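Asks: Below: one structure in structure tokens.
The values are calculated or read from the model by the stated rules, or taken from the named source; none is laboratory data. The model shown is predicted, which means the values in this text are computed figures rather than measured ones. A quick note on method: Cβ atoms are made from the backbone with ideal geometry, for glycine too, and the neighbour counts reach across all protein chains shown.
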Amino acid sequence: MRYISTRGTAPILDFQAVTLTGLASDGGLYMPESWPTLSTEQIAKMRGMSYVDTAVEVMAPFVEGTLTRDDLRTLCTEAYGRFSHAAVTPLVQLDGTHWLLELFHGPTLAFKDVALQLLGLLFERFLSGTNKHLTVVGATSGDTGSAAIDALAGRAGVDVFMLHPKGRVSDVQRRQMTTVLAPNIHNIALEGASFDDCQALVKAMFNSRDFAGRFALSAVNSINWARLMAQVVYYFYAAVRLGAPERPVAFSVPTGNFGDVFAGYVAAKMGLPIAKLIVATNVNDILHRALSQGDYSQGTVIPTPAPSMDIQVSSNFERLLFDLGGRDGNALAAQMHGFEASKAMRLTNAQRDGGASLLHSDRIDLDDMALAMRWACDGTGQVIDPHTAIALAAARRAELGDMPIVTLATAHPAKFGDAVERATGMRPALPARIGDLFDREERYASLPGTFEAVTGYIAERAVPSA
């Protein structure tokens, strides 16, 4: 498998190189050169498979030429052995058509663990026996940071610098990052910043020849292809348990940076019969406006109780636009450069029409989010977090008849205890394995959100490239 950039001019890479690189040198995102497909028979055989075996079947085409199936199985067995549920990503039925796919049974209680536990092991394997030292730079609205830090803390050959918007992540999310005191972990709280500001700084560092040339930079955000690849697996795992490939299934996905829902798009391209992917946004609705009206225009971020969705620039949307636009890197580069300059963009007819049959978007406000949390609690006995509630509200508004609709439950409700308690009157408890979180020592740096301040801090602590 070979990987190409969405902007057309970066070198073509294999899976190992694309995993260690992250952002492409031309500012684009790496994608497989072509989509592998699985036959109806191959998908049907997944019904009785464990999560690890399903992961091997789904991911093997993407790592071809770099890892054998046995290599991949060994890595997946270790990665998912740390999850607290034997099914890894279990399905829970809410009523006759609605299901939750619980993605929060990993060590940091969020769906990011599914990918980042594997990514940490891939980094370690690919660096083993070399003198290469990675400087991982990431931005987080809460969950990516804690999952990446858990996966990479103490690993040889890797330093992690994680940026988060100060005061705009939950207390649990912050403490899951800042109480990890491993010497290779560096947390940076950016003052007066949004997640978009953090993400823009990370991209600027990758695009700075001076800074990027001094360090072997890599990414753990969903700009890293390996992260998205790992997330494709649970779409297959859930769908075959609800009747696929003979029966189509819909998914509703709480969406901010577009990585999780793009993984569903990849699953559909591989042959999984997904009837609809519901792109559920909160009031920061740039993706809803883009998909429903063709208007991808950046607004001001509005802080909400669902901070992972408080985003106005969705990095992975570029991958979708590239694929829907005929994979024309030059045209996509011009389109994205225009957006970066003006903060506004119109989707082409090909991009709008190409996604219309599969993608449906919705905008959920705070009242409807709270109503969904109460419905889940009172009607089904399930306590859900605000992000999951937004996707569930969108799923319940969709008119898909008796088709099964799977809402991705992306975080444990205890990570957002205040919001859950306001909506339901119940305060979810932290699982016992992190029950002492608020007693642990915190360590992080507060910095102004400027390129100079952040790169200066990193340069003083990172290991220069060989």
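Asks: Since VAL92 meets every condition but one in (1) in contact (Cβ under 8 Å) with a residue 40 or more places away in the chain; (2) outside any strand (DSSP E or B); (3) surrounded by fewer than 19 Cβ atoms within 10 Å (Cβ to Cβ), which condition does it not meet?
Replies: In the conditions (1) in contact (Cβ under 8 Å) with a residue 40 or more places away in the chain; (2) outside any strand (DSSP E or B); (3) surrounded by fewer than 19 Cβ atoms within 10 Å (Cβ to Cβ), VAL92 misses (2) alone.
Asks: Here's a follow-up. Report, by residue number, each residue of the stretch 344-368 that is part of a helix (DSSP H, G or I), surrounded by 17 or more Cβ atoms within 10 Å (Cβ to Cβ) and among the small types (Gly, Ala, Ser).
Replies: Matches in the stretch 344-368: GLY354, GLY355.
Asks: While we're looking at this one, here's another question. Confirm whether GLY338 is under 21 Å from LEU287 (Cα atoms), outside any helix (DSSP H, G or I) and either out of contact with any helix residue (DSSP H, G or I) (no Cβ under 7 Å at 6 or more places or on another chain) or of a type outside the set (A, V, I, L, M) (or both). Step through it out loud before you land on a result.
Replies: Values: under 21 Å from LEU287 (Cα atoms): yes; outside any helix (DSSP H, G or I): no; either out of contact with any helix residue (DSSP H, G or I) (no Cβ under 7 Å at 6 or more places or on another chain) or of a type outside the set (A, V, I, L, M) (or both): yes.
For GLY338, the condition - under 21 Å from LEU287 (Cα atoms), outside any helix (DSSP H, G or I) and either out of contact with any helix residue (DSSP H, G or I) (no Cβ under 7 Å at 6 or more places or on another chain) or of a type outside the set (A, V, I, L, M) (or both) - is not met.
Asks: Name the pairs: first residue in the stretch 23-51 and aromatic (Phe, Trp, Tyr) and surrounded by fewer than 16 Cβ atoms within 10 Å (Cβ to Cβ), second residue in a helix (DSSP H, G or I) and modelled with pLDDT of 95 or more, Cβ to Cβ under 8 Å, at least 6 apart or on different chains?
Replies: Between residues of the stretch 23-51 that are aromatic (Phe, Trp, Tyr) and surrounded by fewer than 16 Cβ atoms within 10 Å (Cβ to Cβ) and residues that are in a helix (DSSP H, G or I) and modelled with pLDDT of 95 or more, the close pairs are TRP35/VAL266; TRP35/LYS269.
Asks: Identify all residues within the stretch 392-404 that are over 16 Å from ALA306 (Cα atoms) and buried (at least 24 other Cβ atoms within 10 Å of the Cβ); write none if there are none.
Replies: Residues of the stretch 392-404 over 16 Å from ALA306 (Cα atoms): 395-404.
Answer for the stretch 392-404, where residues must be over 16 Å from ALA306 (Cα atoms) and buried (at least 24 other Cβ atoms within 10 Å of the Cβ): just ALA395.
Asks: Which one is surrounded by the most Cβ atoms within 10 Å (Cβ to Cβ), of the residues in the stretch 405-416 that are in contact with a Leu (Cβ under 8 Å, 6 or more places away or on another chain) and part of a helix (DSSP H, G or I)?
Replies: The extreme case among them is LYS415.
Asks: Quick one: is ALA423 touching a strand residue (DSSP E or B) at 6+ places or on another chain (Cβ under 9 Å) and not β-branched (Val, Ile, Thr)?
Replies: Details: touching a strand residue (DSSP E or B) at 6+ places or on another chain (Cβ under 9 Å): no; not β-branched (Val, Ile, Thr): yes.
Taking the combined requirement at face value, the residue does not satisfy it.
Asks: Please go through the stretch 369-391 and pick out each residue that is part of a loop (DSSP other than H, G, I, E, B) and either crowded, with 17+ Cβ neighbours inside 10 Å or charged (D, E, K, R) (or both). Let's see the steps before the verdict.
Replies: Quick first cut of the stretch 369-391, residues part of a loop (DSSP other than H, G, I, E, B) only: 381-385.
Across the stretch 369-391, the qualifying residues are GLN382, VAL383, ILE384, ASP385.
Asks: Could we say that HIS164 is closer than 17 Å to ASN257 by Cα and touching a residue at least 24 places away in the same chain (Cβ under 8 Å) here? Quick ask: steps written out before the conclusion?
Replies: Details: closer than 17 Å to ASN257 by Cα: yes; touching a residue at least 24 places away in the same chain (Cβ under 8 Å): yes.
Here the answer is yes, as HIS164 does meet what is asked.
Asks: Under the condition of being assigned to a loop (DSSP other than H, G, I, E, B) and closer than 11 Å to TRP225 by Cβ, which residue from the stretch 7-52 is modelled with the highest pLDDT?
Replies: Here is the first cut: in the stretch 7-52, the residues assigned to a loop (DSSP other than H, G, I, E, B) are 7-12, 14, 22-29, 33-39, 49-50.
Those still in the list that are closer than 11 Å to TRP225 by Cβ too: 22-24, 29.
Numbers: GLY22: 80, LEU23: 87, ALA24: 93, LEU29: 96.
That would be LEU29.
Asks: For the stretch 180-191, which positions are hydrophobic (A, V, I, L, M, F, W, C), surrounded by fewer than 20 Cβ atoms within 10 Å (Cβ to Cβ) and in contact with a Gly (Cβ under 8 Å, 6 or more places away or on another chain)?
Replies: The answer is ALA182, and nothing else.
Asks: Mind checking which residues of the stretch 349-388 are among the hydroxyl-bearing types (Ser, Thr, Tyr), under 24 Å from GLN293 (Cβ atoms) and either modelled with pLDDT of 95 or more or in contact with an Asp or Glu (Cβ under 7 Å, 6 or more places away or on another chain) (or both)? Show your work before the answer.
Replies: Restricting attention to the stretch 349-388, the residues satisfying the condition of being among the hydroxyl-bearing types (Ser, Thr, Tyr) are 357, 361, 380, 388.
Keeping just the survivors that are under 24 Å from GLN293 (Cβ atoms) gives 357, 361.
Passing the criteria: only SER361.
Asks: Here is a further query. The conditions are (1) closer than 23 Å to ASP323 by Cα; (2) free of Cβ contacts under 8 Å to residues at least 40 places away in the same chain; (3) among the basic types (Lys, Arg), and ARG209 fails exactly one of them. Which is it?
Replies: Answer for ARG209: the failing condition is (1).
Asks: Follow-up. Would you be able to say whether some residue in the stretch 79-88 is basic (Lys, Arg) and assigned to a loop (DSSP other than H, G, I, E, B)? I'd like the intermediate steps shown before the answer.
Replies: Taking the stretch 79-88 and keeping what is basic (Lys, Arg), we get 82.
After this cut, where a residue has to be assigned to a loop (DSSP other than H, G, I, E, B) as well, the list is 82.
Yes, because at least one residue in the stretch 79-88 is basic (Lys, Arg) and assigned to a loop (DSSP other than H, G, I, E, B).
Asks: Please pick out the residue among SER208, SER194 that is at pLDDT below 95, polar (S, T, N, Q) and buried (at least 20 other Cβ atoms within 10 Å of the Cβ). Even if it seems obvious, please write down each step before you answer.
Replies: On the way: SER208 fails: buried (at least 20 other Cβ atoms within 10 Å of the Cβ).
Checking each option against the conditions leaves just SER194.
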